[in-house]
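**Student:** Have a look at this one.
The values are calculated or read from the model by the stated rules, or taken from the named source; none is laboratory data. For clarity, every value in this text was computed on a predicted model and none was experimentally measured. A quick note on method: Cβ atoms are made from the backbone with ideal geometry, for glycine too, and the neighbour counts reach across all protein chains shown. Just so you know, the surface numbers come from the protein's heavy atoms only, side chains and all, with ligands and any DNA or RNA stripped out. Shrake-Rupley method; radii C 1.70, N 1.55, O 1.52, S 1.80 Å.
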Amino acid sequence: MRIAVYTETLPADQDTWREKEWFAYETLNHLIADHPDQEFIIITDGPQHPPFREAGHVRQIPLNSTAKHSLALRRRLQSKLPGLLKSEHADKLLCLNGLLPARGVVPSCLVVANPHFATKPDATAHAATRYRKRHFRGNLEKAAAIATVSPALKKDLMGRYGVPEEKITVINTGVHQAFHPLGWEAREQVKNDYTNGQEYFIHTGVITPNVIGVMKAFSIFKKRLRSNMMLVLAGARAPGYKTFPELLDTYHFREDVKVTGELGYEALARLTGAAYALICPSPSERFDTPVLEAIKCQVPVVATAAVEETAGEAALYFNPSSVEEMGDKCCEIYKDESLRARMIAFTDVQAQKFSWDHTAELLWSSLRQAGK
């Protein structure tokens with residue numbers, strides 16, 4: 001079988017890769033290794049750096065069109081990609097970037113990992129995002145099979161867009177290999193590097209207004225328990241969140257908050273692995289990568305029930321509308337060390353459910369379903 005794979009260009013520097021780029025890299029390398037009897041034609045918008053696994057049954061073809069404006073995107077999907085699929089005699093198409101060619105040349109499997117663009121207001125979205133949003137429903141209808149990363153996203157696709165249940169496969173996902181448990185000495189070194197040796201809660205990811213709730217919950221914790229615990233906010237500030245520096249300057253426990261800015265995977269993994277617990281205030285039902293990263297590091301989680309599929313019994317859950325309850329859970333995990341130990345024990349149970357091997361296996365099943 002000749003399988004065409006359409007994905008975005010991967011930058012040369014892996015330290016700059018985002019979640020979706022690691023997803024493409026890991027799943028494709030596993031598919032290529034697991035199926036040497038199939039031919040893979042990897043199509044990218046531009047030159048691919050670094051290349052996927054080198055093998056005799058793999059070819060990479062750049063479209064040499066990396067422009068992000070809607071006209072260039074339309075040209076790629078209406079002309080270049082369909083023409084290439086036809087000339088290469090592809091039997092099936094796997095789309096890892098959520099985009100399908102305008103003309104249905106071959107049966108396709110569409111990966112839907114994070115369709116946030118579909119609900120983003122047009123006024124705040126750039127042209128390429130508006131194009132994706134405009135064609136999203138049509139792409140879901142055209143795809144012969146759909147793979148998504150969580151049961152919550154599957155439910156959303158079924159309820160909001162009317163996608164038949166049998167068309168969707170939940171494939172889960174893995175995380176960067178840097179995320180693993182740290183030994184005692186390594187944890188102590190991280191605490192010395194970032195928090196003067198103090199224990200800390202951590203919140204990872206882009207800093208948005210959601211962080212206000214985390215800081216209020218941390219205030220509740222500090223006032224009740226008089227602990228020297230710190231809070232680490234590991235991530236870049238969202239470009240539109242201009243009031244955060246002022247908020248931080250006026251925060252009562254400012255001296256107990258460490259803001260790291262954006263970090264590479266290795267540094268973020270160390271910082272996550274040494275944390276007392278991760279705080280995740282995500283109110284939406286979706287796959288949450290920071291939660292899985294913490295679980296892989298044997299770090300317990302304080303979160304909303306939205307991420308229960310990922311965290312299981314390795315988390316304490318709070319109502320997303322209650323900052324008071326978030327603070328209660330932070331206090332609870334700190335006061336009850338036996339509870340925290342049980343949660344850490346459950347991290348292994350949850351971590352075993354998520355791996356790139358398993359993701360690739362389920363994605364292959366979805367791809368085989370396409371066009372049946």
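**Student:** For Lys242 and Ser322, what is the calculated FRET efficiency with R₀ set at 22 Å and r taken between the beta-carbons, to the nearest 0.05? Working shown, then result.
**Tutor:** Working: r = 27 Å, r/R0 = 1.24.
Given R0 = 22 Å and the Cβ-Cβ separation, E is 0.20.
**Student:** For the chain, what does the accessible surface come to per residue with a 1.4 Å probe? Please give it in Å². Don't skip to the answer; put the middle values down first.
**Tutor:** Numbers: 16880 Å² over 372 residues.
With all protein chains present, the chain gives 45 Å² per residue.
**Student:** Among Ala294, Gln369, Val175, pick out the residue whose Cα is farthest towards the positive end of the charge dipole of the chain, where Lys and Arg carry +1 and Asp and Glu carry -1 on C-beta, about the Cα centre.
**Tutor:** Toward the positive end, the furthest listed residue is Gln369.
**Student:** Then there's this: Determine which lysines satisfy two conditions relative to Lys154: a Cα distance under 22 Å, and not lying fewer than 8 residues away in the same chain.
**Tutor:** Straight-distance partners of Lys154: Lys20, Lys120, Lys133, Lys142, Lys167, Lys353, Lys372.
**Student:** Please work out the C-alpha center-to-center distance from segment 195-261 to segment 297-361 and express it in whole Å.
**Tutor:** Cα centroid to Cα centroid, the span is 20 Å.
**Student:** Find, among the GluC sites (Glu not before Pro) in segment 26-112, those assigned to loop by DSSP (not H, G, I, E, B) with at most 10 other beta-carbon atoms within 10 angstrom. Please report the intermediate quantities before stating the final value.
**Tutor:** Details: sites: Glu26, Glu39, Glu54, Glu88; in loops: Glu54, Glu88.
When the GluC sites (Glu not before Pro) of segment 26-112 are filtered for loop state and at most 10 Cβ neighbours within 10 Å, Glu54 remain.
**Student:** Over the chain, calculate the relative contact order: mean separation of alpha carbon pairs under 8 Å at least 6 apart, over the residue count, as a percent.
**Tutor:** Details: 663 pairs, mean separation 60.0, N = 372.
So the answer I get is 16 percent.
**Student:** A further question follows. Looking at this model, which pairs from Lys216/Lys329; Lys86/Lys155; Lys222/Lys335 are more than 23 angstrom apart at the alpha-carbon?
**Tutor:** On the way: Lys216/Lys329 13 Å; Lys86/Lys155 34 Å; Lys222/Lys335 13 Å.
Over 23 Å apart, Cα to Cα: Lys86/Lys155.
**Student:** Relative contact order for segment 125-188 using alpha-carbon pairs under 8 Å, separation at least 6, rounded to a whole percent? List each step's numbers first, then the result.
**Tutor:** Numbers: 36 pairs, mean separation 19.1, N = 64.
Contact order relative to length: 30 percent.
**Student:** List every residue whose amide H lies under 5 Å from the amide H of Ile207, counting only residues 5 or more places away in sequence or on a different chain, with H placed 1.01 Å from N in the peptide plane.
**Tutor:** Excluding prolines and chain starts, which carry no amide H, the hits are Ala236, Arg237, Ala238.
**Student:** I'd like the carbon and sulfur percentage of the solvent accessible area for the chain, probe radius 1.4 Å, heavy atoms only, ligands and nucleic acids excluded.
**Tutor:** Details: 8270 of 16880 Å².
Summing carbon and sulfur atoms, their accessible area is 49 percent of the total for the chain.
**Student:** For the chain, what is the charge dipole size about the Cα centre, in debye to the nearest 20, if Lys and Arg each add +1 at the Cβ and Asp and Glu each add -1 at the Cβ? Don't jump to the answer; show the numbers that get you there.
**Tutor:** Values: 45 positive and 43 negative charges, 323 e Å.
Value, rounded to 20: 1540 debye.
**Student:** Per-residue ellipticity at 222 nm for the chain, helices alone: DSSP H runs ≥ 4 residues times -39500 (n - 2.57), over residue total, nearest 500 deg cm²/dmol? Can you show the working numbers first?
**Tutor:** Working: 14 runs with 152 residues, N = 372.
Result for the chain: -12500 deg cm²/dmol, rounded to the nearest 500.
**Student:** Could I ask something else about it? Once you sort the root eigenvalues of the Cα gyration tensor of segment 188-259 as a ≥ b ≥ c, which label holds: rounded (a/c under 1.5), prolate (a/b larger than b/c) or oblate (the other case)? Please list the in-between numbers first.
**Tutor:** On the way: a/c = 2.06, a/b = 1.32, b/c = 1.56.
It is oblate, given that a/c is not under 1.5 and a/b is not larger than b/c.
**Student:** Still on this structure, I have one more. Given H placed 1.01 Å from N in the peptide plane, which residues other than close sequence neighbours of Ile42 have an amide H under 5 Å from its amide H?
**Tutor:** Result for Ile42 returns Val5, Arg59, Gln60, Ile61.
**Student:** Helix 151-161 versus the longest principal axis of the chain: what angle, 0 to 90°, nearest 10, using Cα atoms?
**Tutor:** The angle comes out near 60 degrees.
**Student:** Can you list the residues of segment 300-331 with backbone N under 19 Å from a point 7 Å past the Cα of Lys223, pointing along Cα to Cβ?
**Tutor:** Counting backbone N atoms under 19 Å from the label point, the list is 319, 321-331.
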